[in-house]
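The values are calculated or read from the model by the stated rules, or taken from the named source; none is laboratory data. Since the structure is predicted, the reported quantities are computational estimates derived from the model, not experimental observations. Every residue, glycine as well, gets a Cβ built from its backbone with ideal geometry; the counts of neighbours run over all protein chains shown. Each accessible area value is taken on the protein alone, full model and side chains, heavy atoms only, with ligands, DNA and RNA left out. Shrake-Rupley method; radii C 1.70, N 1.55, O 1.52, S 1.80 Å.
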Amino acid sequence: PTQETCNSDDNCMFNVNTDLCTEDCPRVAFDDKISPEATCNATAQCVWMGDLGCTIQCSAAYIDQTSCDANNLCQWDRLRRMCGTKCNLAPAKDSCVQNKMCEWKSTPSTTCVLQCAYRYSQQTTCNADTQCTWLTASAQCTSKCDATDATTCATDTTCEWMDPPGTCTNQCSSKCFTETCCKNAVGCMYDLNTGVCKNTCDRLSRQDCMTEVGMCIYNDNLARCEMLCTVKYNSTTTATTCNADVMCMYDDLNTRCRQRCTSYSSQGGCITVPMCKWSTDTNLCTRKCTYVLDQTTCSADTTCDWMSAPNRTAPMCRSQCVYRYSDPVPCNADSECMWDGSVTQCTNRCQRLEEGMCRQQAMCTYDRIVAVPCKLACEYIDTQSICAADTMCSWSATQNLCFKQCGNLRSEAPCLQTGVCEWTNAVCRQRCPDRHTTMVSCNLDSNCQWNGYSNSCANTCDKMTNSTTCSADSLCEWAGTKCIKACSAITGADSCNADTNCMWSMAEGVCKTTCTRISLDTTCKTEAMCSWRGSGCEMLCKYQYGDKDSCNADLRCMYEAGNCAPSCSESPTEPTRLLS
């Protein structure tokens, strides 16, 4: 609602400072039957006025002199141009001195009265009052603070005792009412927010300093109250001027002068300053790494590092990655950081490391012949394109991982650790399944063979050096001390018969292990092309020979009626078998 609509309701009032319609002060107190006075004083625009009860604060109700003076509880502050409560309504010293137009008199009687500056605006009438005196420098009337002892001086709240030199003098708040006067007064400072001249921070006790949060800060390290650098210097102050002040530092990002981090002795105060960070190890407030501009200071802070990086135009100070993130996702998203799973913490990316640090980091490798010598080790690269771009790495399509090129590994242990390399004849080479993904390229490699059963490339059997690996490959079989190609993997009669370990079954159209390599009689007897003779398995004559001369050359056989058959002497032990 509008101000007029709001004020027309007896239970409402319009706050001109917030432009909000709220419950009026008498109603606030009326609603609280237990502690109306406390509730009243806790409400922003209300104040408890003794017999008058809860009333609106004049400063919240009016912003012009006419409406202010129209309320018999209020009076216009002509020096600060704001509305305030009449002094004689203050029931006690505390409420009296809160009104900047008033002062508390302890003698001859305790009462709250207008300060001399508000009583008189002319020198003649001012000096005619025995409690007042005219200050020529500020052209205003002020209290006559001429007491000769501290006790008498304290009876006037506009005066204060200075010891040394042991004199009673006007407080800054009653000495000056304009910014110009205040700034020219020794020991005074002007508060632009309240329009009040106040004692400079260095004159305040720790307790008083803590109440001036907008202008002062208490430095526990130096045990003194200091003026905030944001108050001491304005927006036009240069970095040189600001940094020349030992208590200040220049914020280049926001172009303003701020309090040095060392001024804050508590974590709560420290972390409120954008440029500062709190160290739980040292319990000290220090400047964030990004705000440190020189290498010496940066290097002295163990949480910072001074480094150049591919994405920087010049070296600068930054927080070490371990202090930036505690989660792998934001860590890896930072172009300067990477997550080290072995220690579960964020660390600097390899590209940022010098040679010594690079060689100490297991995730990195040093290659002095490239522009950025420290780079991510192949096994930590998870993108095929990045892997392929590194001449030291290869991509395994079958295992979907990047690994160091096998030929660059000079010993067996690291070779086998890759999972995609094999150690053969003191040489590390890539396993065929990871080297080829098509039958054409696989069969063109003399060290590889295509496995039609698994539809993948495999090492040739003669390259396998142990029975376990050999037997695990369906294309191979272990023959005593070496791995040979399994006959079942050979296609075509010519290729089969060309291998002395195999024989071609015309009936089945497959290549089989030759009879002489079958060591068990039970197995031999189940094979239609073989028979067990004495202590070994032999191929039947009709399968072994296709011509007369070869047949008759074997004493076991004889050529008869166009076929090779068992000789008469062998017939009882070698029954004739028909092809099934």
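The share of C-alpha pairs in the chain whose separation exceeds 48 Å stands at 54 percent. Spin-label pair Asp327-Gln345: with each label point 7 Å from Cα along the Cα-Cβ axis, the two points sit 2.0 nm from one another. At a Cβ-Cβ separation cutoff of 4.7 angstrom, cysteine residues of the chain with no neighbouring cysteine are Cys12, Cys568. Dividing the Cα radius of gyration by the Kirkwood radius, what Rg/Rh value follows for the stretch 130-253? Dividing the radius of gyration by the Kirkwood radius yields 1.03.
Backbone geometry of the stretch 542-557 corresponds, through the Karplus equation with coefficients 6.51, -1.76 and 1.60 at θ = phi - 60°, to 3J(HN,Hα) couplings of 5, 9, 7, 10, x, 10, 5, 4, 5, 5, 5, 6, 9, 4, 6, 10 Hz, x marking Gly and Pro.
Each of Arg429, Arg368, Arg27 has its accessible area taken with a 1.4 Å probe; listed largest first, they run Arg368, Arg27, Arg429. Among the protein heavy atoms of the chain, carbon and sulfur supply 52% of the accessible surface, probe 1.4 Å, non-protein parts ignored.
What number comes out for accessible area per residue over the chain if the probe is 1.4 Å? Units Å², please. Before the final figure, lay out each step's value.
On the way: 32280 Å² over 580 residues.
That works out to 56 Å² per residue.
Relative to one another, the C-alpha centroids of the stretch 76-102 and the stretch 185-243 are positioned 25 Å apart. The stretch 377-468: percent of C-alpha pairs farther apart than 16 Å? Percentage above 16 Å: 56. Residues whose amide H falls under 5 Å from that of Arg224, counting only those 5 or more places apart or on a different chain, are Asn219, with hydrogens built in the peptide plane.
One decimal place: the segment Ser441-Ala553 gains 35.8 nm when fully extended, by the rule 0.36 nm per residue minus the C-alpha distance.
Extending 7 Å from Cα along the Cβ direction at Asp19 and again at Leu253 yields two label points whose distance is 3.2 nm.
3J(HN,Hα) couplings calculated from phi for the stretch 524-539 with the Karplus curve 6.51 cos²θ - 1.76 cosθ + 1.60 (θ = phi - 60°) are, in sequence order, 4, 5, 8, 8, 4, 8, 10, 8, 8, 10, x, 10, x, 9, 10, 6 Hz; Gly and Pro show x.
For a test of the definition: using alpha carbon positions, the gyration tensor, and the 1.5 limit on a/c, classify the stretch 419-507 as rounded, prolate or oblate. Because a/c hits 1.5 or more and a/b fails to exceed b/c, the stretch 419-507 counts as oblate. Measuring between their Cα centroids, the stretch 254-333 and the stretch 394-472 lie 49 Å from each other. Once you have a ≥ b ≥ c as the square roots of the Cα gyration tensor eigenvalues for the stretch 71-210, tell me rounded if a/c is under 1.5, and otherwise prolate or oblate according to whether a/b is larger than b/c. In terms of gyration-tensor shape, rounded.
Determine the sum of side-chain charges near Arg287: Lys and Arg each +1, Asp and Glu each -1, restricted to other residues whose C-beta is under 13 angstrom from that of Arg287. Charge balance in the 13 Å sphere: +1. Pairs exceeding a 23 Å alpha-carbon distance, out of Lys525/Lys548; Lys277/Lys375; Lys86/Lys175; Lys404/Lys485; Lys482/Lys512: Lys525/Lys548; Lys277/Lys375; Lys404/Lys485.
Working from the Cα coordinates of the stretch 1-124, the gyration tensor eigenvalues give, after taking √(5λ), semi-axes of 27, 19, 9 Å in decreasing order. Ranked by the mean number of other Cβ atoms within 10 Å of their residues, highest first, the peptides 272-279, 322-329 come out as 272-279, 322-329.
Only the Cβ atoms of Lys and Arg (+1) and of Asp and Glu (-1) were treated as charged; on that basis the dipole of the stretch 243-299 about its Cα centre amounts to roughly 120 debye. Note on the chain: dipole from Cβ charges, positive end direction compared against Thr151, Asn451, Cys350; the farthest Cα belongs to Cys350. A simple rule links phi to the HN-Hα coupling: the Karplus curve 6.51 cos²θ - 1.76 cosθ + 1.60 with θ = phi - 60°, which for the stretch 266-272 gives 10, 5, x, x, 5, 6, 7 Hz, with x for Gly and Pro.
Under 5 Å between amide hydrogens, built in the peptide plane, is the criterion, and for Cys304 it picks out Gln320 among residues at least 5 positions away or on other chains.
Taking amide H as placed 1.01 Å from N in the peptide plane, the amide H of Cys12 sits under 5 Å from that of Asp24, each at least 5 places away or on another chain.
At a Förster distance of 56 Å, what's the computed FRET efficiency of Lys33 paired with Thr240, Cβ-Cβ distance as r, to 0.05? The computed FRET efficiency comes out at 0.35.
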